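This report concerns only the one structure given below.
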Amino acid sequence: MQLTSTTGTMVVDYFPIEGSTQFLYKVLKFQGVDTMSTKCITKKDFEYEMKERIGLGYEVTGFNTEAVSVNPMNGAT
């Protein structure tokens, strides 16, 4: 799923992760900057963030269905 802020200055992409049904890959972008941050989040966090951002006026501007190959446990301690 892709969400875009009402001003169009911020875009948040959520991608499925290959081999995982519990995690999504989140990519945050700002206008003029390629990628600001990336991280793996749980589906529960995704649902919360999605509801919050849509409640703030963000628009659904796309659907990311192609899975990415990342390790959701990378960086976990």
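Looking only at residues of segment 23-48 that are modelled with pLDDT under 95 and outside any strand (DSSP E or B), we find that the one that is farthest from T65 (Cα to Cα) is G32.
What number of residues within segment 53-65 satisfy the criterion of being within 17 Å of T21 (Cβ to Cβ) and surrounded by 10 or more Cβ atoms within 10 Å (Cβ to Cβ)?
Just the residues of segment 53-65 that are within 17 Å of T21 (Cβ to Cβ), to begin with: 64-65.
With the extra rule that they be surrounded by 10 or more Cβ atoms within 10 Å (Cβ to Cβ), the set shrinks to 64.
Final tally of qualifying residues: 1.
Results for (1) of a type in the set (G, A, S); (2) in contact (Cβ under 8 Å) with a residue 12 or more places away in the chain; (3) loosely packed, with under 12 Cβ neighbours inside 10 Å, shown as yes or no for each residue.
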position: F30; (1), (2), (3): no, yes, no
position: T35; (1), (2), (3): no, no, yes
position: C40; (1), (2), (3): no, yes, no
position: K51; (1), (2), (3): no, no, yes
position: A67; (1), (2), (3): yes, yes, no
position: P72; (1), (2), (3): no, yes, no
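If you go through segment 1-18 and keep only what is more than 12 Å from F46 (Cα to Cα), touching a residue at least 12 places away in the same chain (Cβ under 8 Å) and either among the hydroxyl-bearing types (S, T, Y) or part of a loop (DSSP other than H, G, I, E, B) (or both), you end up with T4, S5, T6, G8, T9, E18.
The values are calculated or read from the model by the stated rules, or taken from the named source; none is laboratory data. Every value quoted in this text rests on a predicted model; they were computed, and no experiment measured them. Here Cβ is always computed from backbone atoms with ideal geometry, including for glycine, and neighbour counts include all displayed protein chains.
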